[in-house]
Amino acid sequence: MTTVVSGILYIVATPIGNLADISARARDTLGAVSRIAAEDTRHTAQLLRALGLEKPLLSLHEHNERERTAALIGELLNGDSLALVSDAGTPLVADPGFALVRAAQEAGIRVVPIPGACAAIAALSVAGLATDRFCFEGFLPAKSVARRARLDGLKGEQRTLVFYEAPHRIAETLADLLAVFGNRRVAVARELTKLHETVYHGDLAALAAQAEVDPDLRRGEIVVVVDGAAEASDDGAAELERLLRALLADLPVSRAVDIAVEISGARRNVAYRTALRLDTARSGGDAPDGA
Ligand code: SAM
């Protein structure tokens, strides 16, 4: 009896505009697999033509991913190797493919990345904002009420934030970012790697105002990169201390800390250390170690 060795699922990044950004490995992989699952087969057929390749294509998009996944897993288990591509950039990054990758892993199929372009990373690399810690938030909700609610949940996020946005919503989104976050540094990167590539740098107030009057800023494909929230300021520490001083006049340390944490949102260990210091100073003793 022959044992069939299952095929490999390759997750292949494609260019986000400039065809020259296809990697040699991506080209070789697309040429070698039995079939390519693509978000939009017509779009990928164009890419393959430009690369001089011909390959059977199968559509895999958000509306058919579940049903197509079962068939593709069957092919992989039969020994065929497949590639997954999206219309642009890295599959699964604001694109289909998650269900397929998860199912392949669960079926014991090897999943191999063929890395390449990704608009979020390209924008981050030229934004001039902190890159040591960042978070990718994909697309914000399309309606302003839901968008502001999402931003409200993110306003304390200290990592640099990366969003994708549609051109017809960029002006509203910059205005909502300003309204919810207050003024912060921002970069708006549009049409990266293409003819009209432009990266606007400034603060939210300036770019929200520019988006109202400059139609170019509202054209093409867009990534928004925003500074994270400033670290808790000394104002927060001073406020916590004032609060604890008042509470400690009448309450034991643990109760004062409970109430201060509730009111200020400070971290419990920070409030506790501050309370111990104030309490010790008040009773004229030495601060305990580490306080
Ligand atoms: N998987 C892709 C990636 O790796 O970047 C993203 C796919 S998502 C459906 C498409 C969004 O990515 C666009 O609406 C835009 O926000 C961003 N995007 C894609 N190409 C871009 C480009 N050349 N310049 C700026 N943003 C781009």
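Residue under question is Leu72, and the condition is that it be open to solvent by less than 60 Å² (accessible area, probe 1.4 Å) and touching a residue at least 24 places away in the same chain (Cβ under 8 Å); does it hold?
Details: open to solvent by less than 60 Å² (accessible area, probe 1.4 Å): yes; touching a residue at least 24 places away in the same chain (Cβ under 8 Å): yes.
Criteria met by Leu72.
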key: Criterion: outside the structural domain of Gly156 (by TED's automatic domain parsing) and modelled with pLDDT of 90 or more - qualifying residue of Ala291, Ala256   = Ala256
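Take Glu165 and decide whether it is closer than 19 Å to Asp95 by Cβ, buried (at least 18 other Cβ atoms within 10 Å of the Cβ) and more than 16 Å from the chain's Cα centre (by Cα). Don't jump to the end; show me each part of the working.
Details: closer than 19 Å to Asp95 by Cβ: yes; buried (at least 18 other Cβ atoms within 10 Å of the Cβ): yes; more than 16 Å from the chain's Cα centre (by Cα): no.
Judged against the criteria, Glu165 is not a match.
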key: Which numbered condition Arg66 misses (of (1) over 23 Å from the mean Cα position of the chain (by Cα); (2) in a loop (DSSP other than H, G, I, E, B); (3) of a type in the set (D, E, K, R))   = (2)
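Residues checked against (1) within 15 Å of the ligand (Cβ to nearest atom); (2) under 20 Å from Leu217 (Cα atoms); (3) out of contact with any His (no Cβ under 7 Å at 6 or more places or on another chain):
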residue	(1), (2), (3)
Gly108	no, no, yes
Thr131	no, no, yes
Phe134	yes, no, yes
Phe139	yes, yes, yes
Leu154	no, no, yes
Ile170	yes, yes, yes
Ala189	yes, yes, yes
Glu197	yes, yes, yes
Gly202	no, yes, yes
key: Yes/no for Arg148 being within 14 Å of the ligand (Cβ to nearest atom) and at pLDDT 95 or above   = no
request  = Please verify whether the stretch 192-201 includes one or more residues that are surrounded by fewer than 15 Cβ atoms within 10 Å (Cβ to Cβ), at pLDDT 95 or above and assigned to a helix (DSSP H, G or I).
outcome  = no
task = Test each condition in (1) within 29 Å of Ala189 (Cα to Cα); (2) within 16 Å of the ligand (Cβ to nearest atom); (3) open to solvent by 20 Å² or more (accessible area, probe 1.4 Å) for Ala13 and report the one that comes out false.
result = (3)
key: Filter result (farther than 30 Å from Arg133 by Cα, in a helix (DSSP H, G or I) and either of a type in the set (A, V, I, L, M) or open to solvent by less than 40 Å² (accessible area, probe 1.4 Å) (or both)) within the stretch 231-259   = Leu243, Leu244, Ala246, Leu247, Leu248, Val253, Ala256, Val257, Ile259
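If you check Leu53, Leu82, Leu100, which single one turns out to be touching a helix residue (DSSP H, G or I) at 6+ places or on another chain (Cβ under 7 Å), open to solvent by 20 Å² or more (accessible area, probe 1.4 Å), away from the ligand (no atom under 14 Å from the Cβ) and among the hydrophobic types (A, V, I, L, M, F, W, C)? Steps first, answer last, please.
Values: Leu82 fails: open to solvent by 20 Å² or more (accessible area, probe 1.4 Å); Leu100 fails: open to solvent by 20 Å² or more (accessible area, probe 1.4 Å).
Leu53 is the lone residue from the list that is touching a helix residue (DSSP H, G or I) at 6+ places or on another chain (Cβ under 7 Å), open to solvent by 20 Å² or more (accessible area, probe 1.4 Å), away from the ligand (no atom under 14 Å from the Cβ) and among the hydrophobic types (A, V, I, L, M, F, W, C).
The values are calculated or read from the model by the stated rules, or taken from the named source; none is laboratory data. Predicted model, so just to flag it, every value in this text is computed and none were measured. Note that each Cβ is placed from the backbone with ideal geometry, even for glycine, and that neighbours are counted across all protein chains shown. Quick note on the areas: whole protein, heavy atoms, side chains included, nothing else; ligands and nucleic acids left out. Shrake-Rupley method; radii C 1.70, N 1.55, O 1.52, S 1.80 Å.
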